[in-house]
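K.L.:
Sending over a structure as structure tokens; questions will come in a sec.
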Amino acid sequence: MRLTSEQVERTLNQFDAQAIPEDHPVVPRLNEMFGDHTFFLDSNGLNVVEPTEPASGADTGTVFNLADWSDEDVTKLAPHPPQATEVMVVLGPTR
């Protein structure tokens with residue numbers, strides 16, 4: 001899912017990662033491979049946030065890992081099927 005700038009900011013306050021800017025030259029290729037998302041890089045690799053069922057009236061999302069770093073210099077990614085992580089983020093205010 002593509003996040004709003006507000007949702008990206010909230011996500012980064014809860015998830016130790018960097019958002020890849022939408023105007024970055026790699027984004028069209030990532031969209032081709034994984035769909036239209038906001039992409040995040042962390043120490044494990046490439047991630048996206050997918051919506052989850054609201055548990056407590058808040059808009060929440062689960063972080064999914066799409067690719068792992070394949071070298072020690074963290075410059076190359078190895079894609080794999082999406083894997084849900086244990087990281088859940090609150091994307092919006094409580095209703």
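The values are calculated or read from the model by the stated rules, or taken from the named source; none is laboratory data. As the structure is a prediction and not an experimental result, all values here were calculated from the model. Note: ideal-geometry Cβ built from the backbone for every residue, glycine included; neighbour counts use all protein chains shown. The accessibility values were calculated without ligands, DNA or RNA, using every heavy atom of the protein model including side chains. Shrake-Rupley method; radii C 1.70, N 1.55, O 1.52, S 1.80 Å.
K.L.:
With springs only between Cα atoms under 10 Å, which of Glu22, Glu72, Glu53 fluctuates most in a Gaussian network model of the chain?
P.N.:
Looking only at Glu22, Glu72, Glu53, the biggest GNM fluctuation is shown by Glu72.
K.L.:
Same structure, new question: Bin width 10 Å, alpha-carbon pairs only: give the P(r) of the range 14-88 as whole percents, running from 0 to the bin holding the largest distance.
P.N.:
18, 51, 26, 5, 0
K.L.:
While we're here: Keeping all protein chains in place and using 1.4 angstrom, which order do Glu50, Glu9 fall into by accessible surface area, from largest down?
P.N.:
Listed by decreasing accessible area, they come as Glu9, Glu50.
K.L.:
Shifting gears a bit: Can you find, among Met1, Asn65, Pro28, the residue sitting farthest towards the positive end of the charge dipole of the range 1-75, where Lys and Arg contribute +1 and Asp and Glu -1 at Cβ?
P.N.:
It is Met1.
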